[in-house]
1. Would you tell me the mean number of C-beta atoms belonging to other protein chains that fall within 10 Å of each C-beta in A:78-89, as a whole number?
2. Does the stretch A:187-265 come out rounded, prolate or oblate, given a ≥ b ≥ c as the square roots of the eigenvalues of its C-alpha gyration tensor, rounded meaning a/c under 1.5 and, failing that, prolate meaning a/b above b/c?
3. How much accessible area per residue does chain A have, in Å², with a 1.4 Å probe?
4. So what does log10 I(q)/I(0) come out to for the stretch B:41-134 at q = 0.10, 0.16, 0.24 Å⁻¹, using the Debye formula with one equal point on every Cα and no solvent?
5. Any idea of the total accessible area buried by the A-B contact, 1.4 Å probe, rounded to 100 Å²?
6. Given the convex hull over the Cα atoms of chain A, what projected area results after averaging over all orientations, in nm²?
7. How many percent of all Cα-Cα pairs in the stretch A:38-159 sit more than 24 Å apart?
8. Can you pull the mean other chain C-beta count within 10 Å for peptide A:227-233?
Amino acid sequence: MTILVLAEHDNLHLKPGVTNAVAAAQKIGGEIHLLIAGSACSGAASAAAQVAGVTKVLIADAAQYGDGTPENLAPLIVGIAKNYSHVLASASAYGKNLMPRVAALMDVAQISEIISVESPDTFVRPIYAGNAFATVQSTDTIKVITVRATGFDGVAATGGTATTENIMAGADTGQSKVLRQELTKSDRPELVAAKRIVSGGRGMGDGEKYRQLLEPLADKLGAALGASRAAVDAGFVPNDYQVGQTGKIVAPELYIAVGISGAIQHLAGMKDSKVIVAINKDPEAPIFQVADYGLVGDLFALVPQLTAAL
Amino acid sequence: MKIIVPVKRVVDYNVKVRVKADQSGVELANIKMSMNPFDEISVEEAIKLKEAGVATEIIAVSIGVTQCQETLRTALAMGADRAILVETSAEVQPLAVAKLLKAICEKESPQLVILGKQAIDDDSNQTGQMLAALMNWPQATFASKVSVDAGIAEVMREIDGGMETIEIKLPAIITADLRLNTPRYATLPNIMKAKKKPMDVTTPEALGVDITPRLKTLKVVEPPKRKGGVIVADVAALVDKLKNEAKVI
Ligand SMILES: Cc1cc2nc3c(=O)[nH]c(=O)nc-3n(C[C@H](O)[C@H](O)[C@H](O)COP(=O)(O)OP(=O)(O)OC[C@H]3O[C@@H](n4cnc5c(N)ncnc54)[C@H](O)[C@@H]3O)c2cc1C
């Protein structure tokens with residue numbers, strides 16, 4: 001059995017979820033290859049060769065892979081997938097965009113966001129916003145899977161000694177073109193990889209107050225910043241801050257929810273955090289049902305006190 | 001141009017689902033069912049494109065049991081022109097849904113299919129991408145802004161690090177994210193009118209599509225429960241707990 005893991009990267013570095021997807025591949029068992037498809041991606045390829053447990057890195061370096069469009073990448077992956085028992089990617093926006101296209105081209109199912117491996121053909125995945133866990137068995141010969149990073153502790157990013165092999169690039173389909181990206185700039189840890197997260201909801205009032213109160217707290221803790229959907233919809237913070245069923249799935253050591261009520265769609269994204277703190281003025285707020293430590297009161301008074309006490 | 005909007009009947013997003021005692025699935029008897037929220041957003045986007053003079057006809061499609069007709073009537077009341085139900089009581093997984101939609105696309109030749117990015121029951125987030133693959137069409141997933149002009153769609157997408165704007169040639173697939181629009185409510189007169197709009201009923205067999213599931217669900221269980229926590233008196237008590245009990249700071 002040999003497993004192909006599609007590695008997301010920015011041509012220089014690997015993205016967080018890659019080491020978690022490799023960890024899932026190790027649970028399945030067998031040899032593990034990484035695919036780096038990009039443009040001028042030798043930096044990412046040498047990072048990939050160091051990932052623990054990987055024996056070979058396949059490199060497809062061509063201009064048409066620079067934007068990571070699924071129209072170009074899916075045929076490339078399908079072309080090599082027949083050599084593998086499983087094709088895995090992390091369940092990031094990138095993996096979710098691409099892997100169903102790969103699966104459909106091969107006429108196999110795609111198994112979304114697995115959180116555990118029971119056997120090489122049986123996996124556990126959350127459904128209904130994480131309110132139920134389904135154990136599913138695949139009947140397809142090649143299993144195409146996305147991996148929820150919080151389900152698997154990542155393997156070491158260094159220490160591995162994989163060989164590298166360049167593979168032939170496919171044609172540019174010309175079906176899709178990336179015009180521009182507006183990426184949120186931040187010196188803070190990436191949300192999905194952060195050990196600590198401070199998250200704000202509608203209770204923050206507006207974007208100005210969100211920043212005034214939560215940035216100093218996050219600075220003290222070395223934490224990433226997150227938000228509820230309501231806070232994103234109201235324009236307090238950019239979309240990539242959203243935690244939840246339809247945002248990012250996180251499981252840090254410490255998650256501090258400030259002015260967030262705890263709707264099931266929000267809980268779906270953070271209830272596997274090790275320690276949850278909730279600050280909310282409503283003692284009945286559902287967030288307190290999952291919080292290890294609750295602080296009932298006005299966040300505008302409590303958050304500055306907390307920042308000062310740290 | 002025609003737009004196809006697939007709509008799924010799912011457990012209402014306000015319902016807290018319960019796992020069945022025999023672990024075969026979740027309890028669906030006597031539970032409120034609604035249109036998947038992301039599909040409401042797709043319907044709204046199609047209507048907006050029609051109001052802008054870009055689209056001429058909106059066809060809502062649902063796959064599933066007879067009651068999916070209610071979901072289709074909701075889409076018609078919002079503003080879709082006609083509906084197609086692919087009736088089956090069998091389990092239909094995303095790959096099979098994509099194949100059924102492909103069969104319908106081949107009959108109807110739409111320029112756009114707008115789907116929700118995921119259904120809130122199985123949370124798969126697959127069908128749009130799969131349909132794009134089967135049709136060999138470009139895809140713009142997780143859309144938060146769409147404009148269509150001269151056979152080209154410009155779509156702003158929500159990605160992990162922020163936003164990305166792409167350009168795709170029609171025909172194409174778009175999947176809707178939450179912030180694409182706010183769906184309208186169907187008004188009473190429009191609900192009445194929707195009753196007279198055409199609804200065709202077909203079946204997977206009639207469309208010649210094999211919908212045999214590729215994944216077998218062995219069991220469905222409740223996730224592990226978190227232990228209840230405590231309410232602390234003040235910030236000092238919180239800091240003490242985090243330092244000395246949880247040891248996370
Ligand atoms: C299809 C779908 C998908 C969704 N996906 C997501 C998702 O991915 N992520 C997500 O977060 N949501 C998601 N939602 C939305 C979700 O249902 C809730 O609407 C949302 O999470 C509410 O955000 P909130 O807790 O910030 O706001 P609210 O529910 O309005 O809560 C605000 C809280 O702030 C408290 N508060 C206000 N003022 C103060 C103060 N001065 N001091 C202390 N506390 C205060 C209030 O007591 C209240 O509990 C989704 C919904 C749907 C339908």
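1. 0
2. Judged from the Cα gyration tensor, the stretch A:187-265 comes out oblate (a/c at least 1.5, b/c at or above a/b).
3. Here the residues of chain A average 37 Å² of exposed surface.
4. Reported log10 I(q)/I(0), two decimals: -0.25, -0.67, -1.53.
5. Chains A and B together bury approximately 6700 Å².
6. Working: hull surface 64.2 nm².
Approximately 16.0 nm², given one-decimal rounding.
7. 31
8. Whole-number average of other-chain Cβ neighbours for A:227-233 is 1.
The values are calculated or read from the model by the stated rules, or taken from the named source; none is laboratory data. From a predicted model like this one, the values you see are computed outputs, not experimental measurements. Here Cβ is always computed from backbone atoms with ideal geometry, including for glycine, and neighbour counts include all displayed protein chains. Protein only, heavy atoms only, side chains kept; ligands, DNA and RNA dropped before computing areas. Shrake-Rupley method; radii C 1.70, N 1.55, O 1.52, S 1.80 Å.
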